[in-house]
Each structure stands twice: as C-alpha cells, then as structure tokens.
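Student: Here you go, one structure.
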Amino acid sequence: MEPVRSVARAAAIVDVVAGRSPEGARLIDVVEATALQKTTAHRILATLVGLEWLEHSAESGVFHLGPKLVGLGGEALNRHGIAEIASPRLTSLSRLTEDTVFLSVPSGTEALCVDRVLGSFPIRTLTLQVGDRRPLGIGAGAMALLAWQRDADIDLALATPSSSHQYQMTDMASMKRSIQITRERGYSINDGGIVPGAVGVGVPVLNSDDTAVAALSIGAIASRMTTDRMNTLAELMRTEATLLADDLRSVAQRLSPPSIRRLLPPLT
C-alpha cells in the first residue's frame with residue numbers, strides 16, 4: 001500500500017500547487033494544506049521538481065506547475081480548455097487574413113503555444129508549433145502576454161531565467177521600453193526577431209482586471225506586413241480577442257473554482 005499512498009500524497013501536493021496558481025505555493029503552504037510532515041512534503045516536492053512536474057524558485061521558495069505536467073495535461077486542458085474554446089476565433093482570423101494564427105497562454109515566465117491554424121497564403125511563416133515555449137516578451141504573442149501584466153509580474157518575468165535558452169532576451173531597460181511602446185501602440189510586433197523575414201503581430205486576451213490571460217498573434221512574410229496591414233490585423237484580432245474573453249467568462253460561470261484555476265488565471 002505504500003506506493004499507492006505515495007502517489008496519493010504526490011497528487012495532493014500537485015493539487016495544492018495548482019490551486020494556488022498563479023502565485024504558487026511554498027513548502028509551508030503544502031504542509032498546512034496536506035497535514036504532511038515537513039520532511040515528507042519536502043522530499044515529495046523535490047521528487048516532483050526532478051520529474052519537471054513542478055518548478056521551484058530558489059529565490060522565492062515558491063513552487064509552480066512544471067512544463068512536464070503542462071504537457072501531460074494538454075488533453076485534459078482541451079476537455080474544457082482555452083484551445084477548444086478559442087478554435088472558432090482562430091479559424092475566423094485565418095480565413096479573413098489568409099495568414100497563420102497562433103494562440104499562446106502564460107506558463108510561469110514563459111509563453112506556451114497551445115493552438116495554431118494555418119493560413120491559405122502560399123508562403124507561410126511557421127515560427128511556432130503547438131507545445132513550443134518562449135520567454136515572455138520574445139515573439140509577438142509572448143510580448144502581448146508580457147506587456148499586459150501587472151508591473152510587478154513583468155519585473156519578475158524579466159528577472160527570471162527561462163528554460164528556453166536558445167532565445168536571448170535583451171537587457172531589462174530595452175525590454176521595458178519595448179513593453180511601453182507595445183502598450184501605447186495597442187499591439188505587439190515581432191519584426192524578424194525570431195525568423196528573419198517573418199513578422200508577427202499580437203494582441204492580448206484580457207481578463208476583467210485588464211491583464212492578459214492569453215494572446216492571439218498572426219505571422220506572415222515581411223512583404224505582407226505593411227504598417228497599414230498590421231493596424232488592420234491588430235483590429236481584427238482585438239475583435240476576436242474580446243469575443244474570446246467573453247467566451248471564457250461564459251465557460252467559467254459553468255465550472256467549479258478548481259477547474260477555473262487549472263484553466264487560466266481568474267477570469268472574473
């Protein structure tokens with residue numbers, strides 16, 4: 001029975017961490033919620049971090065859901081998740097623009113691509129695949145997610161090393177200027193920063209407190225991305241982003257609080 005009890009304890013700890021998203025859980029939070037001994041909870045937490053089911057910040061001592069668990073939970077997420085809910089919005093944008101549309105959500109200090117709809121234009125810019133991760137701020141969707149967060153969360157994201165080491169972030173002062181420009185413009189632009197010759201435009205899907213819970217972005221070859229067209233694309237995406245935010249709130253009204261916490265940050 002010991003293996004079964006260990007699995008139950010691990011599951012209980014994951015539930016505690018998930019239930020405290022997006023702030024995360026400390027060791028003391030886990031101990032208080034599960035009534036486990038501190039040494040037992042610490043040992044299980046360390047094992048879950050080693051399996052990449054959880055992530056641990058040595059600086060803050062806080063645990064968050066890890067990338068492996070996010071990947072394993074992808075199908076469960078889509079059961080009532082944002083990718084399923086957003087699918088008509090992505091399809092509509094792709095048909096209107098003929099370009100590829102991406103849906104990204106925040107995952108810790110990274111942006112996770114959870115859906116992609118290919119456009120009909122003969123030359124496609126496939127800069128992201130479903131499941132790809134980028135540091136917040138690196139890429140059109142990732143910048144849209146970052147720019148519309150609380151200032152304290154932006155500072156934390158910029159100060160936290162990313163597991164996506166292949167993408168180099170500029171210095172913090174430059175990122176802060178880019179965030180300010182993005183906010184003033186109303187949408188993000190990635191001008192060949194990931195793939196030369198490919199330009200991306202992104203907008204946030206906003207919560208009721210005007211923070212981003214997701215982002216829509218469109219990628220195309222640079223010759224298609226004139227300033228006028230980027231303005232047009234941004235307007236189209238903002239319309240769909242507003243509708244998607246309404247869809248998410250409607251779904252949230254029918255879900256239990258734990259389900260909502262697993263789906264996204266608070267929607268109401």
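The values are calculated or read from the model by the stated rules, or taken from the named source; none is laboratory data. Keep in mind that this is a model prediction, so the values were computed, not measured. Here the Cβ positions follow ideal geometry from the backbone for every residue, glycine too, while neighbour counts run over all protein chains shown. Side chains are part of the model used for accessible areas, which takes the heavy atoms of the whole protein and leaves out ligands, DNA and RNA. Shrake-Rupley method; radii C 1.70, N 1.55, O 1.52, S 1.80 Å.
Student: Going through the range 84-123 one residue at a time, which ones are part of a helix (DSSP H, G or I) and in contact with a helix residue (DSSP H, G or I) (Cβ under 7 Å, 6 or more places away or on another chain)?
Tutor: GLU84, ILE85, ALA86, ARG89, SER92, LEU93, LEU96, THR97 - these are the residues of the range 84-123 that are part of a helix (DSSP H, G or I) and in contact with a helix residue (DSSP H, G or I) (Cβ under 7 Å, 6 or more places away or on another chain).
Student: Turning to a different aspect of this structure: Determine whether the range 247-263 contains at least one residue that is open to solvent by 30 Å² or more (accessible area, probe 1.4 Å), closer than 21 Å to VAL117 by Cα and modelled with pLDDT under 95.
Tutor: Within the range 247-263, one or more residues are open to solvent by 30 Å² or more (accessible area, probe 1.4 Å), closer than 21 Å to VAL117 by Cα and modelled with pLDDT under 95.
Student: Right, here's the next one. Could you list, in sequence order, the residues of the range 20-65 that are more than 21 Å from ALA152 (Cα to Cα), within 23 Å of the chain's Cα centre (by Cα) and not in a loop (DSSP other than H, G, I, E, B)?
Tutor: LEU48, VAL49, GLY50, LEU54 - these are the residues of the range 20-65 that are more than 21 Å from ALA152 (Cα to Cα), within 23 Å of the chain's Cα centre (by Cα) and not in a loop (DSSP other than H, G, I, E, B).
Student: Now for a different question. Mind checking which residues of the range 54-89 are closer than 13 Å to ALA18 by Cα and modelled with pLDDT of 85 or more?
Tutor: LEU54, GLU55, VAL62, PHE63, HIS64, listed by residue number.
Student: Then there's this: Under 9 Å between Cβ atoms, at least 6 apart or on separate chains: pull out the pairs that start in the range 34-58 with a residue that is open to solvent by less than 90 Å² (accessible area, probe 1.4 Å) and of a type in the set (A, V, I, L, M) and end on any residue that is at pLDDT 90 or above and outside any helix (DSSP H, G or I).
Tutor: Listed pairs, sorted by first residue: ILE44/LEU36; LEU45/PHE63; LEU48/PHE63; VAL49/PHE63; LEU54/PHE63.
Student: Select from the range 117-134 the residues that are within 17 Å of LEU90 (Cα to Cα), surrounded by fewer than 18 Cβ atoms within 10 Å (Cβ to Cβ) and in contact with a strand residue (DSSP E or B) (Cβ under 6 Å, 6 or more places away or on another chain) and list them in ascending order.
Tutor: Once the filter is applied, which keeps residues that are within 17 Å of LEU90 (Cα to Cα), surrounded by fewer than 18 Cβ atoms within 10 Å (Cβ to Cβ) and in contact with a strand residue (DSSP E or B) (Cβ under 6 Å, 6 or more places away or on another chain), the range 117-134 yields LEU118, ARG124, VAL130.
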